[in-house]
Amino acid sequence: MPPFTIQPPTPAHATLTYPAPHILLVTLNRPRDLNCINAQGHADLHAVWEWLDEEPSMRVGILTGKGRAFCAGADLKEWNDRASGATGSSSQPPMPNGGFGGLARRKGKKPVICAVNGICLGGGAEMIINSDIVIASSRAVFGLPEVKRGVVALAGALPRLVRTVGKQRAMEMVLTGRMVGAVEAERWGLVNSVVGVGEGDGDEEVGRAVLEKALGVAGEIAGNSPDSVLVSREGVKLGWEGIGADEATVMLNETWVKRLVKMVMVVHSLFILHLVKFIKTLISLLPSRRIPGIRDIPCNLNFRQSENQICGCPASLKK
(Lines give C-alpha, C1' and ligand atoms only; values in the text may rest on other atoms or scores of the structure.)
Protein backbone atom coordinates (compact mmCIF):
# COMPACT_ATOMS: atom_id res chain seq x y z
CA MET A 1 0.00 0.00 0.00
CA PRO A 2 1.46 3.39 -0.99
CA PRO A 3 1.92 6.10 1.66
CA PHE A 4 -1.13 8.34 2.07
CA THR A 5 -1.63 11.79 3.55
CA ILE A 6 -5.12 10.70 4.63
CA GLN A 7 -5.85 7.12 5.62
CA PRO A 8 -8.34 5.42 3.26
CA PRO A 9 -11.70 4.18 4.53
CA THR A 10 -12.42 0.47 4.95
CA PRO A 11 -15.75 -0.36 3.26
CA ALA A 12 -17.52 -3.51 4.42
CA HIS A 13 -18.55 -4.82 1.00
CA ALA A 14 -15.92 -3.41 -1.34
CA THR A 15 -12.15 -3.79 -1.60
CA LEU A 16 -9.72 -0.95 -2.27
CA THR A 17 -6.53 -1.63 -4.20
CA TYR A 18 -3.94 0.53 -5.93
CA PRO A 19 -2.93 -1.22 -9.18
CA ALA A 20 -0.83 1.67 -10.54
CA PRO A 21 0.52 5.02 -9.31
CA HIS A 22 -2.22 7.56 -8.53
CA ILE A 23 -5.03 5.09 -9.37
CA LEU A 24 -7.66 3.80 -6.92
CA LEU A 25 -9.52 0.59 -7.78
CA VAL A 26 -12.80 -0.06 -5.97
CA THR A 27 -14.24 -3.56 -6.41
CA LEU A 28 -17.79 -4.30 -5.25
CA ASN A 29 -17.49 -7.58 -3.36
CA ARG A 30 -20.92 -9.17 -2.95
CA PRO A 31 -20.89 -11.56 -5.92
CA ARG A 32 -23.58 -13.86 -4.49
CA ASP A 33 -25.92 -10.86 -4.27
CA LEU A 34 -24.90 -9.60 -7.73
CA ASN A 35 -23.10 -6.75 -5.95
CA CYS A 36 -26.37 -5.14 -4.88
CA ILE A 37 -25.64 -2.25 -2.55
CA ASN A 38 -27.22 -1.99 0.89
CA ALA A 39 -27.53 1.03 3.17
CA GLN A 40 -24.11 0.52 4.71
CA GLY A 41 -22.63 0.17 1.23
CA HIS A 42 -23.97 3.54 0.12
CA ALA A 43 -22.39 5.28 3.09
CA ASP A 44 -19.12 3.38 2.68
CA LEU A 45 -18.78 4.19 -1.03
CA HIS A 46 -19.65 7.83 -0.44
CA ALA A 47 -16.75 7.97 2.02
CA VAL A 48 -14.46 6.30 -0.54
CA TRP A 49 -15.18 8.88 -3.26
CA GLU A 50 -14.74 11.72 -0.79
CA TRP A 51 -11.38 10.25 0.18
CA LEU A 52 -10.41 10.02 -3.49
CA ASP A 53 -11.05 13.74 -3.88
CA GLU A 54 -9.11 14.71 -0.77
CA GLU A 55 -6.10 12.37 -0.96
CA PRO A 56 -3.30 14.22 -2.85
CA SER A 57 -1.64 11.03 -4.14
CA MET A 58 -4.79 9.81 -5.92
CA ARG A 59 -5.81 11.21 -9.33
CA VAL A 60 -8.45 8.86 -10.76
CA GLY A 61 -10.75 6.12 -9.52
CA ILE A 62 -12.09 2.93 -11.10
CA LEU A 63 -15.23 1.09 -9.99
CA THR A 64 -15.87 -2.53 -10.98
CA GLY A 65 -17.64 -5.60 -9.62
CA LYS A 66 -16.60 -9.11 -8.63
CA GLY A 67 -18.32 -12.07 -10.26
CA ARG A 68 -20.82 -11.92 -13.11
CA ALA A 69 -22.36 -8.58 -12.14
CA PHE A 70 -21.11 -5.04 -11.99
CA CYS A 71 -24.05 -4.01 -9.79
CA ALA A 72 -27.66 -5.19 -10.04
CA GLY A 73 -29.02 -2.26 -8.05
CA ALA A 74 -30.28 -1.89 -4.52
CA ASP A 75 -30.41 -4.63 -1.93
CA LEU A 76 -34.16 -5.34 -2.22
CA LYS A 77 -34.06 -7.95 0.54
CA GLU A 78 -32.84 -5.34 3.00
CA TRP A 79 -35.40 -2.89 1.63
CA ASN A 80 -38.24 -5.40 2.11
CA ASP A 81 -37.05 -6.32 5.60
CA ARG A 82 -37.07 -2.68 6.62
CA ALA A 83 -40.45 -2.06 5.00
CA SER A 84 -41.97 -5.00 6.88
CA GLY A 85 -40.37 -4.00 10.17
CA ALA A 86 -38.31 -7.19 10.34
CA THR A 87 -35.21 -5.18 11.17
CA GLY A 88 -36.94 -3.33 14.02
CA SER A 89 -37.33 -0.15 11.98
CA SER A 90 -39.59 0.48 8.98
CA SER A 91 -37.79 3.67 7.94
CA GLN A 92 -35.14 3.62 5.24
CA PRO A 93 -31.81 5.25 6.16
CA PRO A 94 -31.08 8.48 4.28
CA MET A 95 -29.06 8.26 1.09
CA PRO A 96 -25.70 10.10 1.20
CA ASN A 97 -25.23 13.29 -0.78
CA GLY A 98 -23.48 11.36 -3.54
CA GLY A 99 -26.59 9.25 -4.05
CA PHE A 100 -26.65 5.56 -4.92
CA GLY A 101 -23.23 4.05 -4.27
CA GLY A 102 -21.99 7.55 -3.50
CA LEU A 103 -21.75 8.00 -7.28
CA ALA A 104 -25.19 8.46 -8.88
CA ARG A 105 -25.40 12.12 -7.83
CA ARG A 106 -21.73 12.72 -7.12
CA LYS A 107 -20.22 15.97 -8.29
CA GLY A 108 -16.72 15.44 -6.97
CA LYS A 109 -13.41 16.72 -8.28
CA LYS A 110 -11.56 13.71 -9.64
CA PRO A 111 -12.71 11.43 -12.46
CA VAL A 112 -14.21 7.98 -11.89
CA ILE A 113 -14.19 5.26 -14.55
CA CYS A 114 -16.72 2.42 -14.42
CA ALA A 115 -15.33 -0.92 -15.62
CA VAL A 116 -18.58 -2.78 -16.24
CA ASN A 117 -17.85 -6.49 -16.23
CA GLY A 118 -21.43 -7.81 -16.43
CA ILE A 119 -24.97 -7.10 -15.23
CA CYS A 120 -25.60 -3.40 -14.66
CA LEU A 121 -29.18 -2.68 -13.63
CA GLY A 122 -31.16 -0.14 -11.63
CA GLY A 123 -28.86 1.74 -9.29
CA GLY A 124 -25.87 0.19 -11.04
CA ALA A 125 -26.98 1.85 -14.28
CA GLU A 126 -27.60 5.11 -12.43
CA MET A 127 -23.99 5.06 -11.21
CA ILE A 128 -22.48 4.55 -14.66
CA ILE A 129 -24.70 7.28 -16.16
CA ASN A 130 -23.15 9.82 -13.79
CA SER A 131 -19.60 8.46 -14.03
CA ASP A 132 -17.00 10.07 -16.27
CA ILE A 133 -15.99 7.17 -18.53
CA VAL A 134 -17.56 3.73 -19.03
CA ILE A 135 -15.64 0.69 -20.25
CA ALA A 136 -17.80 -2.42 -20.69
CA SER A 137 -17.31 -6.05 -21.60
CA SER A 138 -19.28 -7.32 -24.60
CA ARG A 139 -21.16 -9.45 -22.08
CA ALA A 140 -22.43 -6.45 -20.08
CA VAL A 141 -26.09 -5.45 -20.11
CA PHE A 142 -27.63 -2.19 -18.93
CA GLY A 143 -31.15 -1.42 -17.81
CA LEU A 144 -33.48 0.63 -15.65
CA PRO A 145 -36.16 -2.00 -14.91
CA GLU A 146 -37.84 -0.03 -12.11
CA VAL A 147 -41.13 0.30 -14.06
CA LYS A 148 -41.42 -3.50 -14.08
CA ARG A 149 -41.37 -3.49 -10.28
CA GLY A 150 -43.66 -0.54 -9.63
CA VAL A 151 -40.91 1.85 -8.53
CA VAL A 152 -39.07 4.76 -10.15
CA ALA A 153 -35.39 5.45 -10.84
CA LEU A 154 -34.95 8.44 -8.57
CA ALA A 155 -31.18 8.42 -8.03
CA GLY A 156 -30.60 11.08 -10.68
CA ALA A 157 -30.43 8.98 -13.85
CA LEU A 158 -33.60 10.14 -15.61
CA PRO A 159 -32.62 13.73 -16.49
CA ARG A 160 -28.99 12.79 -17.02
CA LEU A 161 -29.82 9.89 -19.33
CA VAL A 162 -31.69 12.29 -21.65
CA ARG A 163 -28.59 14.46 -22.01
CA THR A 164 -26.45 11.43 -22.78
CA VAL A 165 -28.56 9.38 -25.21
CA GLY A 166 -31.37 11.76 -26.24
CA LYS A 167 -35.07 11.85 -25.43
CA GLN A 168 -36.34 8.99 -27.61
CA ARG A 169 -33.71 6.47 -26.55
CA ALA A 170 -34.07 7.49 -22.90
CA MET A 171 -37.84 7.05 -23.15
CA GLU A 172 -37.42 3.62 -24.70
CA MET A 173 -35.03 2.53 -21.98
CA VAL A 174 -36.98 3.78 -18.95
CA LEU A 175 -40.57 3.14 -20.15
CA THR A 176 -40.03 -0.40 -21.38
CA GLY A 177 -37.48 -1.35 -18.75
CA ARG A 178 -35.70 -3.50 -21.31
CA MET A 179 -32.03 -4.37 -21.06
CA VAL A 180 -29.58 -2.81 -23.53
CA GLY A 181 -26.49 -4.73 -24.63
CA ALA A 182 -22.99 -3.26 -24.48
CA VAL A 183 -22.63 -2.79 -28.25
CA GLU A 184 -25.98 -0.99 -28.46
CA ALA A 185 -25.11 1.11 -25.41
CA GLU A 186 -21.85 2.12 -27.09
CA ARG A 187 -23.76 3.13 -30.21
CA TRP A 188 -26.07 5.24 -28.07
CA GLY A 189 -23.14 7.00 -26.39
CA LEU A 190 -23.73 5.46 -22.96
CA VAL A 191 -20.50 3.44 -23.16
CA ASN A 192 -17.09 4.70 -24.31
CA SER A 193 -15.56 1.38 -25.29
CA VAL A 194 -16.55 -2.29 -25.47
CA VAL A 195 -14.02 -5.03 -24.68
CA GLY A 196 -14.70 -8.22 -26.59
CA VAL A 197 -14.66 -11.45 -24.56
CA GLY A 198 -15.07 -15.07 -25.58
CA GLU A 199 -18.19 -17.09 -24.88
CA GLY A 200 -16.17 -19.56 -22.84
CA ASP A 201 -14.39 -16.93 -20.75
CA GLY A 202 -15.08 -17.12 -17.03
CA ASP A 203 -16.13 -14.22 -14.85
CA GLU A 204 -12.57 -13.60 -13.67
CA GLU A 205 -11.21 -13.54 -17.21
CA VAL A 206 -13.91 -11.08 -18.27
CA GLY A 207 -13.20 -8.89 -15.27
CA ARG A 208 -9.46 -8.83 -16.01
CA ALA A 209 -10.00 -7.91 -19.66
CA VAL A 210 -12.28 -4.99 -18.83
CA LEU A 211 -10.06 -3.84 -16.01
CA GLU A 212 -6.97 -3.90 -18.25
CA LYS A 213 -8.66 -1.51 -20.68
CA ALA A 214 -9.91 0.72 -17.84
CA LEU A 215 -6.43 0.85 -16.30
CA GLY A 216 -4.99 1.97 -19.61
CA VAL A 217 -7.42 4.88 -19.78
CA ALA A 218 -6.87 5.71 -16.11
CA GLY A 219 -3.12 5.69 -16.65
CA GLU A 220 -3.45 8.23 -19.46
CA ILE A 221 -5.49 10.50 -17.20
CA ALA A 222 -3.13 10.08 -14.24
CA GLY A 223 -0.19 11.01 -16.47
CA ASN A 224 -1.66 14.42 -17.24
CA SER A 225 -1.55 17.60 -15.16
CA PRO A 226 -3.80 16.92 -12.12
CA ASP A 227 -4.99 20.53 -11.95
CA SER A 228 -5.77 20.65 -15.66
CA VAL A 229 -7.75 17.42 -15.37
CA LEU A 230 -9.83 18.81 -12.48
CA VAL A 231 -10.71 22.04 -14.28
CA SER A 232 -11.35 20.37 -17.65
CA ARG A 233 -13.65 17.82 -16.03
CA GLU A 234 -15.56 20.56 -14.25
CA GLY A 235 -16.02 22.47 -17.52
CA VAL A 236 -17.50 19.43 -19.26
CA LYS A 237 -19.81 18.69 -16.32
CA LEU A 238 -21.09 22.27 -16.26
CA GLY A 239 -22.11 21.96 -19.90
CA TRP A 240 -23.65 18.53 -19.30
CA GLU A 241 -25.69 19.90 -16.40
CA GLY A 242 -27.19 22.52 -18.71
CA ILE A 243 -25.05 25.58 -17.97
CA GLY A 244 -24.55 27.83 -21.02
CA ALA A 245 -21.09 28.09 -22.59
CA ASP A 246 -20.51 31.73 -21.61
CA GLU A 247 -21.75 31.28 -18.04
CA ALA A 248 -19.79 28.05 -17.60
CA THR A 249 -16.59 29.71 -18.83
CA VAL A 250 -17.04 32.58 -16.38
CA MET A 251 -17.69 30.12 -13.55
CA LEU A 252 -14.54 28.17 -14.39
CA ASN A 253 -12.43 31.32 -14.42
CA GLU A 254 -13.90 32.66 -11.20
CA THR A 255 -13.92 29.48 -9.15
CA TRP A 256 -11.15 27.27 -10.50
CA VAL A 257 -8.61 29.05 -12.68
CA LYS A 258 -8.03 31.94 -10.26
CA ARG A 259 -7.70 29.48 -7.40
CA LEU A 260 -5.11 27.46 -9.32
CA VAL A 261 -3.16 30.60 -10.26
CA LYS A 262 -2.99 31.57 -6.59
CA MET A 263 -1.78 28.08 -5.70
CA VAL A 264 0.94 28.26 -8.36
CA MET A 265 2.06 31.66 -7.06
CA VAL A 266 2.23 30.34 -3.49
CA VAL A 267 4.23 27.29 -4.57
CA HIS A 268 6.57 29.50 -6.62
CA SER A 269 7.11 31.85 -3.66
CA LEU A 270 7.84 28.94 -1.33
CA PHE A 271 10.31 27.53 -3.84
CA ILE A 272 12.17 30.86 -4.11
CA LEU A 273 12.21 31.20 -0.31
CA HIS A 274 13.69 27.74 0.17
CA LEU A 275 16.18 28.35 -2.65
CA VAL A 276 17.44 31.55 -1.01
CA LYS A 277 17.78 29.77 2.34
CA PHE A 278 19.69 26.96 0.66
CA ILE A 279 22.10 29.37 -1.06
CA LYS A 280 22.73 31.27 2.19
CA THR A 281 23.42 28.00 3.99
CA LEU A 282 25.75 26.90 1.21
CA ILE A 283 27.69 30.20 1.30
CA SER A 284 28.04 29.99 5.07
CA LEU A 285 29.68 26.58 4.70
CA LEU A 286 32.26 27.76 2.15
CA PRO A 287 35.82 28.51 3.50
CA SER A 288 36.54 32.24 3.79
CA ARG A 289 39.92 32.29 2.02
CA ARG A 290 41.33 34.81 -0.45
CA ILE A 291 42.02 33.41 -3.90
CA PRO A 292 45.65 34.11 -4.98
CA GLY A 293 46.01 36.44 -7.96
CA ILE A 294 42.55 37.92 -7.63
CA ARG A 295 42.34 41.39 -6.18
CA ASP A 296 39.30 42.78 -4.55
CA ILE A 297 37.35 45.04 -6.85
CA PRO A 298 34.69 47.17 -5.15
CA CYS A 299 31.37 47.27 -6.99
CA ASN A 300 28.90 49.16 -4.85
CA LEU A 301 26.53 50.08 -7.68
CA ASN A 302 26.90 53.79 -6.83
CA PHE A 303 26.11 55.58 -10.09
CA ARG A 304 26.74 59.07 -8.67
CA GLN A 305 30.50 58.81 -8.91
CA SER A 306 32.81 60.71 -11.22
CA GLU A 307 32.97 60.01 -14.92
CA ASN A 308 36.31 58.25 -14.39
CA GLN A 309 34.62 55.44 -12.46
CA ILE A 310 31.88 53.01 -13.41
CA CYS A 311 30.03 51.03 -10.72
CA GLY A 312 32.77 51.83 -8.22
CA CYS A 313 35.47 50.31 -10.44
CA PRO A 314 38.82 52.13 -10.82
CA ALA A 315 39.25 54.23 -13.94
CA SER A 316 42.05 51.92 -15.11
CA LEU A 317 39.43 49.16 -15.60
CA LYS A 318 37.13 51.38 -17.61
CA LYS A 319 39.25 50.76 -20.68
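The values are calculated or read from the model by the stated rules, or taken from the named source; none is laboratory data. Please read all numbers here as calculations on a predicted model, not as lab measurements. Here the Cβ positions follow ideal geometry from the backbone for every residue, glycine too, while neighbour counts run over all protein chains shown. Accessible surface areas use protein heavy atoms only, side chains included; no ligands, DNA or RNA. Shrake-Rupley method; radii C 1.70, N 1.55, O 1.52, S 1.80 Å.
Name the one entry in 234, 220, 205 that is of a type in the set (D, E, K, R), in contact with a Lys or Arg (Cβ under 9 Å, 6 or more places away or on another chain) and either more than 16 Å from residue 116 (Cα to Cα) or part of a helix (DSSP H, G or I) (or both). Even if it seems obvious, please write down each step before you answer.
Numbers: 220 fails: in contact with a Lys or Arg (Cβ under 9 Å, 6 or more places away or on another chain); 205 fails: in contact with a Lys or Arg (Cβ under 9 Å, 6 or more places away or on another chain).
Criteria check complete, one pass: 234.
A residue that is open to solvent by 30 Å² or more (accessible area, probe 1.4 Å), under 25 Å from residue 226 (Cα atoms), in the same structural domain as residue 106 (by the TED database) and charged (D, E, K, R) cannot be found anywhere in the stretch 30-37.
Look at residue 158 and say whether it is over 18 Å from the mean Cα position of the chain (by Cα) and assigned to a helix (DSSP H, G or I).
yes
Examine the stretch 256-277 for a residue that is modelled with pLDDT of 90 or more and β-branched (Val, Ile, Thr), and state whether such a residue exists. For the stretch 256-277, residues modelled with pLDDT of 90 or more and β-branched (Val, Ile, Thr): absent.
If I filter the stretch 1-27 down to residues being assigned to a strand (DSSP E or B) and in contact with a helix residue (DSSP H, G or I) (Cβ under 8 Å, 6 or more places away or on another chain), which single residue comes out as farthest from residue 217 (Cα to Cα)? Across the stretch 1-27, the extreme among qualifying residues is 14.
Restricting attention to the stretch 42-70, the residues that are more than 14 Å from residue 28 (Cα to Cα) and touching a Cys at 6+ places or on another chain (Cβ under 6 Å) add up to 0. Residue 51 fulfils the conditions (1) surrounded by fewer than 21 Cβ atoms within 10 Å (Cβ to Cβ); (2) among the hydrophobic types (A, V, I, L, M, F, W, C); (3) not in a helix (DSSP H, G or I) except for a single criterion, (3).
Residues that are under 17 Å from the mean Cα position of the chain (by Cα) and not polar (S, T, N, Q) do not occur anywhere in the stretch 165-187.
Put simply, of 14, 83 the only residue that is under 29 Å from residue 154 (Cβ atoms), at pLDDT below 95 and of a type in the set (A, V, I, L, M) is 83.
Can you tell me which residues in the stretch 185-202 are in contact with a Lys or Arg (Cβ under 7 Å, 6 or more places away or on another chain) and under 19 Å from residue 112 (Cβ atoms)?
Pass one, the stretch 185-202, residues in contact with a Lys or Arg (Cβ under 7 Å, 6 or more places away or on another chain): 188, 193, 195, 197.
If the condition is that a residue be in contact with a Lys or Arg (Cβ under 7 Å, 6 or more places away or on another chain) and under 19 Å from residue 112 (Cβ atoms), then 193, 195 are the ones that fit.
Within the stretch 137-168, the set of residues being of a type in the set (D, E, K, R) and closer than 28 Å to residue 198 by Cβ comprises just one member, 139.
Condition check for residue 175 on (1) farther than 30 Å from residue 42 by Cβ; (2) exposed (fewer than 13 other Cβ atoms within 10 Å of the Cβ): one failure, at (1). The residues listed here are 131, 232, 193; of these, the one that is open to solvent by 10 Å² or more (accessible area, probe 1.4 Å), within 30 Å of residue 250 (Cβ to Cβ) and touching a strand residue (DSSP E or B) at 6+ places or on another chain (Cβ under 6 Å) is 131.
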